[in-house]
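*Asks:* One structure, as structure tokens, below. Some questions next.
The values are calculated or read from the model by the stated rules, or taken from the named source; none is laboratory data. Owing to the predicted nature of the structure, the values given are computational and were not obtained by experimental measurement. Positions of Cβ are generated from backbone atoms using ideal geometry, with glycine treated the same way; all protein chains shown enter the neighbour counts.
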Amino acid sequence: MGGRLYAQREWRLLSWWLATFHPNADILMNLRVGPTTPLAGVASMTKSMQNLSRVRNRWVDALFIEGGALNLVDAKINPDPGIFSQLIHYARKVRSDPNWQRYNAWPLNLIALVYHNDESVAQEAPWYGVQWVVYQPTLQGVVPPNLVGNAATEIGSSLPQDWPARVSWLTRQNLAVSSS
């Protein structure tokens with residue numbers, strides 16, 4: 001029961017943020033993405049059977065269209081470093097989804113929407129081409145926002161040499177990565 005209440009807080013956070021900052025966007029929430037694998041043993045894949053097999057696909061918190069770009073949002077009350085891999089995974093699923101093929105040339109913005117800011121995670125957002133958004137409305141039943149973690153003074157990168165190209169290929173945007 002507690003996990004479900006937590007998810008409801010994330011949905012409330014996401015809904016309020018979308019309504020406040022993107023009221024005119026075309027918004028899809030809790031969206032299944034990715035190519036759909038046909039059901040085994042089904043002789044004819046009708047439209048209804050395709051929709052049924054789509055239930056096994058991954059889902060994103062929100063995808064909205066605004067300003068000639070797709071915007072993929074993952075919302076978290078308490079963020080962790082896994083938010084980056086989730087967003088990149090979902091970006092790959094959107095790019096390979098036949099339902100979104102007409103948007104393949106469009107830029108794809110990756111957005112991490114968080115309630116509690118964690119500086120040690122937030123400082124990695126530019127490395128992955130992720131926009132880090134801290135939004136702290138008054139959410140009933142949620143502890144008031146606070147700063148979590150400490151920013152490292154200097155972080156060495158152990159990422160593969162070509163990781164910016166890998167993420168840029170999905171987002172259709174160059175990453176702001178400084179060379180050191």
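*Asks:* Pick from the stretch 111-146 the residues that are more than 12 Å from Leu87 (Cβ to Cβ) and among the small types (Gly, Ala, Ser): which of them is modelled with the highest pLDDT?
*Replies:* The residue in question is Ala122.
*Asks:* State all residues of the stretch 88-120 that are over 12 Å from Leu70 (Cβ atoms) and in contact with a helix residue (DSSP H, G or I) (Cβ under 7 Å, 6 or more places away or on another chain); if no residue qualifies, say none.
*Replies:* Within the stretch 88-120, Ile88, Arg92, Ala112, Leu113, Tyr115 qualify.
*Asks:* Which is modelled with pLDDT of 90 or more and either crowded, with 16+ Cβ neighbours inside 10 Å or of a type in the set (A, V, I, L, M) (or both), of Ala152, Ala105?
*Replies:* Every option except Ala105 fails the conditions.
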